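Colleague: Can you read through this structure? Questions will come right after.
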Amino acid sequence: MRLAQMILTVMLVATTGMDAALAQDGRLDGRLQFSSTAFGLLFGYSQGQGSLEFKGKNYPFTISGVKAATVGVSKVDALGQVYRLREIADFPGTYVAIEGGFTLFQGGGSAMLRNEKGVTLYLQNVQYGLDLTLGGGGLSIALSESATTSSPTTQPSGQ
């Protein structure tokens with residue numbers, strides 16, 4: 001698990017400049033991390049939980065999603081950057097992505113997702129298991145509890 005987190009951190013740092021250039025306003029608004037488990041046979045379902053760091057507070061959230069044209073079972077650990085998030089009420093919602101990929105034991109990649117309020121997530125993930133996906137899908141995010149204050153060691157730099 002620690003190895004996966006180290007790999008994700010290196011991938012995120014390596015693509016930070018590219019992600020910032022892709023964001024229209026270029027301003028990083030928050031960071032997130034989550035873990036989920038997915039399974040599917042033609043249609044897939046995933047479920048997990050994570051935490052968003054926004055304006056010095058941590059907001060726990062749950063995720064669930066569906067995918068089309070997928071088969072397999074996998075676990076995903078992801079780190080991400082959040083852009084165009086002005087207030088916490090804009091974070092929950094449905095995020096859409098078109099994807100394709102193959103994982104045999106361990107894989108990884110990146111994804112960009114956007115919700116109906118324009119909030120954009122740039123994710124770096126490590127995936128374990130067996131998974132073949134050729135379609136797209138959606139990811140629903142819901143805040144699960146009240147926020148907690150971030151400790152100074154976990155607050156994102158530049159905020």
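The values are calculated or read from the model by the stated rules, or taken from the named source; none is laboratory data. Small disclaimer: the values here were computed from a predicted structure and weren't measured. Every residue, glycine as well, gets a Cβ built from its backbone with ideal geometry; the counts of neighbours run over all protein chains shown.
Colleague: Any chance you could count how many residues in the stretch 23-43 are crowded, with 19+ Cβ neighbours inside 10 Å and under 17 Å from the mean Cα position of the chain (by Cα)? If you could, list the steps in order and put the result at the bottom.
Modeller: Our first condition is that a residue be crowded, with 19+ Cβ neighbours inside 10 Å; within the stretch 23-43, this holds for 28-32, 34, 36, 38, 40.
Going one step further and asking which of them are under 17 Å from the mean Cα position of the chain (by Cα), we end up with 28-32, 34, 36, 38.
Of the residues in the stretch 23-43, 8 are crowded, with 19+ Cβ neighbours inside 10 Å and under 17 Å from the mean Cα position of the chain (by Cα).
Colleague: Within the stretch 44-78, take every residue that is at pLDDT below 95 and of a type in the set (A, V, I, L, M) and give me the one that is nearest to residue 142 (Cα to Cα).
Modeller: It comes out as 66.
Colleague: Further, regarding this structure: Please enumerate the residues belonging to the stretch 30-51 that are touching a residue at least 40 places away in the same chain (Cβ under 8 Å) and of a type outside the set (Gly, Ala, Ser).
Modeller: 31, 32, 33, 34, 49 - these are the residues of the stretch 30-51 that are touching a residue at least 40 places away in the same chain (Cβ under 8 Å) and of a type outside the set (Gly, Ala, Ser).
Colleague: Still on this structure, please answer the following. Report, ordered by the first and then the second residue, all pairs with beta carbons closer than 9 Å, sequence separation of six or more or different chains, a first member in the stretch 54-76 that is at positive phi and of a type in the set (Val, Ile, Thr), and a second member that is assigned to a strand (DSSP E or B) and at pLDDT below 90.
Modeller: Short answer, once both residue conditions are applied: none.
Colleague: Would you confirm whether or not the stretch 82-90 contains a residue that is in a strand (DSSP E or B) and at pLDDT 90 or above?
Modeller: yes
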